[in-house]
Amino acid sequence: MTFKFKSQATGDLLMLSAHAHALLHHIGKSSDPKGILTPEEMPAALAALRSLPLDEISEEGASAKQDGDGEQPEADAVDLRRRAWPLIQMIEAAQAAKEPIVWGV
């Protein structure tokens with residue numbers, strides 16, 4: 001399932017739901033089907049996303065690790081901070097244009 005973030009300042013951003021839910025959780029937003037990130041909330045959201053540790057594996061990578069024989073995740077597993085990069089760029093552009101980011105609408 002995909003999650004679509006929209007802003008008048010940028011193009012749409014599509015993300016897998018599991019990753020979107022994890023990132024929304026980190027910025028303190030509910031992962032309800034519909035939501036908004038206002039320009040006033042963006043500085044805190046950016047700080048939260050930039051503070052994600054580089055080695056925090058997304059839920060997809062974590063489940064792959066658990067399904068294995070207790071081995072380390074594959075070298076090509078993508079951590080949550082890297083998955084956040086497109087959202088960080090979107091927030092920066094939306095903040096500069098003073099436009100909100102919405103999802104589910």
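Values in this text are rule-based calculations from the coordinates and carry no lab data. Since we're looking at a predicted model, the values are computed, not measured. Here the Cβ positions follow ideal geometry from the backbone for every residue, glycine too, while neighbour counts run over all protein chains shown.
So the values come out like this:
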read-out: Order of Leu54, Leu87 - criterion: other Cβ atoms within 10 Å of each residue's Cβ, fewest first; value: Leu54, Leu87
read-out: Sites Glu40 and Ile88 - FRET efficiency at Förster radius 22 Å, r taken between beta-carbons, to 0.05; value: 0.80
read-out: Relative packing of peptides 19-26, 33-40 - highest average C-beta neighbours within 10 Å first; value: 19-26, 33-40
read-out: Distance between modelled label sites at Lys4 and Lys98, nm, 7 Å Cα→Cβ extension; value: 2.8
